[in-house]
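Notes follow the structure.
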Amino acid sequence: MEREKLKNIVECLLFFSDKPLGLDKLAEITESENSLEVREAIEELKREYELRNSGLQVVNIAQGYQICTRSEFSSWVKKLHRSQTTFQLSLPALETLSIIAYKQPITRGEIEKIRGVDTSWVLRKLLDKKVVKISGRKKVPGRPIVYATTNEFLRYFGLKDLSEIPSLDEIKPPVGG
């Protein structure tokens with residue numbers, strides 16, 4: 001396929017999709033020989049958006065690529081979509097989600113041992129919001145369910161993958177501070 005045509009098709013797919021698309025998925029849809037030419041098309045799109053100071057950008061997020069608004073224009077987009085509700089996480093939900101993110105895969109009992117309170121309601125809400133998923137069962141007596149974060153979690157926090165989560169040492173408050 002001609003390079004310019006591939007780039008235009010990839011741009012349409014990234015624009016239309018409400019989820020990040022991985023290289024393999026883009027290569028499959030565009031019937032490309034390999035994902036390298038798709039990656040090159042994405043990099044060219046990124047450069048073009050940057051060169052013309054576009055209000056949009058191509059970002060590598062949640063193990064895929066997506067066209068997003070540049071942060072300096074987010075207030076304008078918020079005005080447009082003021083009636084749309086984006087979910088917010090309560091403090092207990094953020095605490096639980098943090099524990100899952102750092103300790104995954106983790107059982108409800110292990111989360112409750114760390115938090116010191118029942119987490120069944122919070123876990124249900126996080127599952128409903130699709131930022132947490134059931135990732136299997138622990139191989140111990142009773143075979144409790146284990147939880148892990150999802151790609152929606154990565155999208156919500158603007159992370160490419162889990163390696164971008166700051167280490168616990170990076171977020172610890174200074175001693176005596």
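Selection of first residues in region 101-126 that are among the aromatic types (Phe, Trp, Tyr) and of second residues that are modelled with pLDDT under 95, restricted to Cβ pairs under 9 Å at least 6 apart or on distinct chains, gives the following pairs, ordered by first then second residue: Tyr102/Ile165; Tyr102/Leu168; Trp121/Pro92.
The numbered conditions (1) in a helix (DSSP H, G or I); (2) surrounded by 17 or more Cβ atoms within 10 Å (Cβ to Cβ) are all true for Val58 except (1).
Could you check region 103-125 and list, in sequence order, the residues that are part of a loop (DSSP other than H, G, I, E, B) and either in the same structural domain as Ala62 (by TED's automatic domain parsing) or surrounded by 18 or more Cβ atoms within 10 Å (Cβ to Cβ) (or both)? Thr119, the sole residue that qualifies. Scanning region 126-170 for residues that are loosely packed, with under 10 Cβ neighbours inside 10 Å, of a type outside the set (Asp, Glu) and in a helix (DSSP H, G or I) turns up Ser163, Leu168.
Among the residues of region 12-24, those identified as part of a helix (DSSP H, G or I), aliphatic (A, V, I, L, M) and closer than 15 Å to Gln57 by Cα are Leu13, Leu14. When each of Leu13, Leu6 is tested for being out of contact with any Lys or Arg (no Cβ under 7 Å at 6 or more places or on another chain) and under 29 Å from Leu162 (Cβ atoms), the lone residue that passes is Leu13.
Among the conditions (1) small (Gly, Ala, Ser); (2) within 27 Å of Val122 (Cα to Cα); (3) free of Cβ contacts under 8 Å to residues at least 24 places away in the same chain, Ala93 misses just one, which is (3). If you go through region 1-11 and keep only what is surrounded by 12 or more Cβ atoms within 10 Å (Cβ to Cβ) and either modelled with pLDDT of 90 or more or assigned to a helix (DSSP H, G or I) (or both), you end up with Leu6, Lys7, Asn8, Ile9, Val10, Glu11.
Considering Lys19, Lys7, Lys25, the condition of being under 16 Å from the mean Cα position of the chain (by Cα) and of a type in the set (D, E, K, R) is satisfied by Lys19 alone. All conditions in (1) assigned by TED's automatic domain parsing to the domain that holds Ile9; (2) over 22 Å from Asn151 (Cβ atoms); (3) surrounded by 13 or more Cβ atoms within 10 Å (Cβ to Cβ) hold for Trp76, with the sole exception of (3).
The values are calculated or read from the model by the stated rules, or taken from the named source; none is laboratory data. What you are looking at is a predicted structure, and each value in this text was computed from that prediction instead of being measured. Every residue, glycine among them, receives a Cβ derived from its backbone with ideal geometry; neighbour counts consider all protein chains shown.
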